[in-house]
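One structure is given below, encoded as structure tokens.
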There are 2 protein chains.
Amino acid sequence: MLFSKTCEYGIRAAVYIASQSDKTEKTGIEEICENIEAPRHFTAKILQILTRNHLLSSQKGVNGGFYMTAEQLQQPMIVLVEAIEGKEVLSKCGLGLKACSEVEPCPLHNKYASIRNNIKQMLSGVTIKDMAVSLQTGKAFLKID
Amino acid sequence: MLFSKTCEYGIRAAVYIASQSDKTEKTGIEEICENIEAPRHFTAKILQILTRNHLLSSQKGVNGGFYMTAEQLQQPMIVLVEAIEGKEVLSKCGLGLKACSEVEPCPLHNKYASIRNNIKQMLSGVTIKDMAVSLQTGKAFLKID
DNA sequence: ACAATAAAAGACAAAAACATCCTTATTTAA
DNA sequence: TTAAATAAGGATGTTTTTGTCTTTTATTGT
């Protein structure tokens, strides 16, 4: 509902990569996709987008793969989501009206705005690292073995 | 983000029909679509779904059209949304994990659950009629003329 | 240098969402 | 009782999203 498949895979992949970022080895796309149960090539494309947006780092060649810098680990989820879904996604009218505004609101405007703020707050208040830590400490899961 | 196009059109159409429900004449699909700026045939199909689900009433033939009973006007938005998007939409995992649960939650589980509850509350707390009234009193708009 | 490895990039395919058009069934006014 | 009106239903088309496959480019260990 909230996220597209693209966004779901992107978040899951980023969190997995983050969870591996203590290791010195970089993480390959194959390993990532196995651990988040996402389609190989499709996910690779999403990671390209994130890499272009400097939310991930990557290296080609032998022993290459994906990894995250300390700075990247500290990015809040909202940055990921906006990179994938586009910045507008969190400001568009809930009923899809082009002209919806404070002055001429749709019938759902205020209620929707408040929900949207909740969502923004959630996405701003959680970093990739936060989620990775919850994985590492066994408090959360991306895959049930 | 929150709603599909199908759902947006469905809500807008229902609200428009509701806003016309004081009149004795029923409202035709043509008029509805003009006033909510939605595609004619596509919207007609959505209204079929809502009618089958008894969220709208319709009548064929001369002077036919769509209308809503007092009871239908009192339905909360959540019923509309569930009829269109499916009941599961408001209980699925935010990261798209099949196995996500309280016991084995995804890294976003609790935050997402709280957002979802907000959304449910909003959708349960607003009736079609509420939205129609805001239209009728000029407090809200579906179309800017 | 060279072979192996891994991400990047591009072309293509399938499925789902969105949208249109045409026919059918029903109702009613004349 | 018939013609017109209007929703319902079915077939089809388009676009977007999701997914795969192949080739290219960069990197590195030997």
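The values are calculated or read from the model by the stated rules, or taken from the named source; none is laboratory data. No experiment lies behind these values; they were computed from the predicted model shown. Cβ sites come from the backbone with ideal geometry, for glycine too, and all protein chains shown count toward neighbours. Heavy atoms of the whole protein, side chains included, go into the accessibility calculation; ligands, DNA and RNA do not. Shrake-Rupley method; radii C 1.70, N 1.55, O 1.52, S 1.80 Å.
General remarks:
- Gaussian network model of chain B, springs between alpha carbon atoms under 10 Å - residue of B:13, B:44, B:113 with greatest fluctuation: B:113
- Label 7 Å beyond Cα on the Cβ vector: residue B:110 copy-to-copy distances, nm: 3.2
- Chain A, rotation onto B, residue closest to that axis via Cβ, with its distance in Å: A:118, 3
- Backbone amide hydrogens, once placed in the peptide plane, bring residue A:101 within less than 5 Å of A:106, excluding anything fewer than 5 places away on its chain.
- Cross-link table A:111/B:98; B:23/B:139; A:45/A:143; A:92/A:120; A:120/A:143, entries beyond 23 Å C-alpha to C-alpha: A:111/B:98; A:120/A:143
- Theoretical FRET efficiency, 1/(1+(r/R0)^6), r = Cβ-Cβ of residue A:110 and residue B:101, R0 41 Å, to 0.05: 0.75
- Across the copies of the chain, residue B:69 has label points (7 Å from Cα along Cα→Cβ) spaced 6.5 nm apart, shortest distance listed first.
- Dipole of segment A:1-114, positive end: most advanced residue of A:109, A:50, A:96 [Cβ charges, Cα centre]: A:96
- Largest GNM mean-square fluctuation among A:88, A:104, A:25, using chain A with Cα springs under 10 Å: A:104.
- Computed from the Cβ-Cβ distance with R0 of 25 Å, the FRET efficiency linking residue B:6 to residue B:31 stands at 0.80.
- Applying 1/(1 + (r/R0)^6) with r as the Cβ-Cβ distance of residue B:49 and residue A:92 and R0 = 22 angstrom yields a FRET efficiency of 0.35.
- With contacts taken as Cα pairs under 8 Å and at least 6 residues apart, chain B reaches a relative contact order of 29 percent.
- Within 10 Å of each Cβ in A:118-130, the average number of Cβ atoms from other chains: 3
- Plainly put, the tip 7 Å out from Cα toward Cβ on residue A:144 is 4.8 nm from that tip on each other copy, the closest given first.
- Average silhouette area of the protein assembly as shown, convex hull of alpha-carbon atoms, in square nanometres: 16.9 nm²
- Chain A: most fluctuating residue of A:97, A:135, A:56 per GNM, C-alpha cutoff 10 Å: A:97
- Each residue of segment A:53-64 is assigned a 3J(HN,Hα), and the resulting list reads 8, 6, 8, 10, 10, 9, 9, 7, x, 3, 6, x Hz, derived from the Karplus form 6.51 cos²θ - 1.76 cosθ + 1.60 (θ = phi - 60°), x at Gly and Pro.
- Accessible heavy-atom area order of B:52, A:12, highest first, probe of 1.4 Å: B:52, A:12
- Relative contact order [Cα under 8 Å, 6+ residues apart], segment B:13-60, whole percent: 32 percent
- Using the Karplus relation 6.51 cos²θ - 1.76 cosθ + 1.60 with θ = phi - 60°, the per-residue 3J(HN,Hα) values for segment A:124-136 come to 7, x, 10, 8, 4, 4, 3, 5, 4, 4, 5, 5, 4 Hz, with x marking Gly and Pro.
- Helical runs (DSSP H, four residues minimum) scored at -39500 (n - 2.57) apiece and divided by the length of the protein assembly as shown put the mean residue ellipticity at 222 nm at -15500 deg cm²/dmol.
- For segment A:88-98, 3J(HN,Hα) per residue [Karplus equation, 6.51 cos²θ - 1.76 cosθ + 1.60, θ = phi - 60°, Hz, x = Gly/Pro]: 5, 3, 9, 9, 6, 5, x, 9, x, 7, 4
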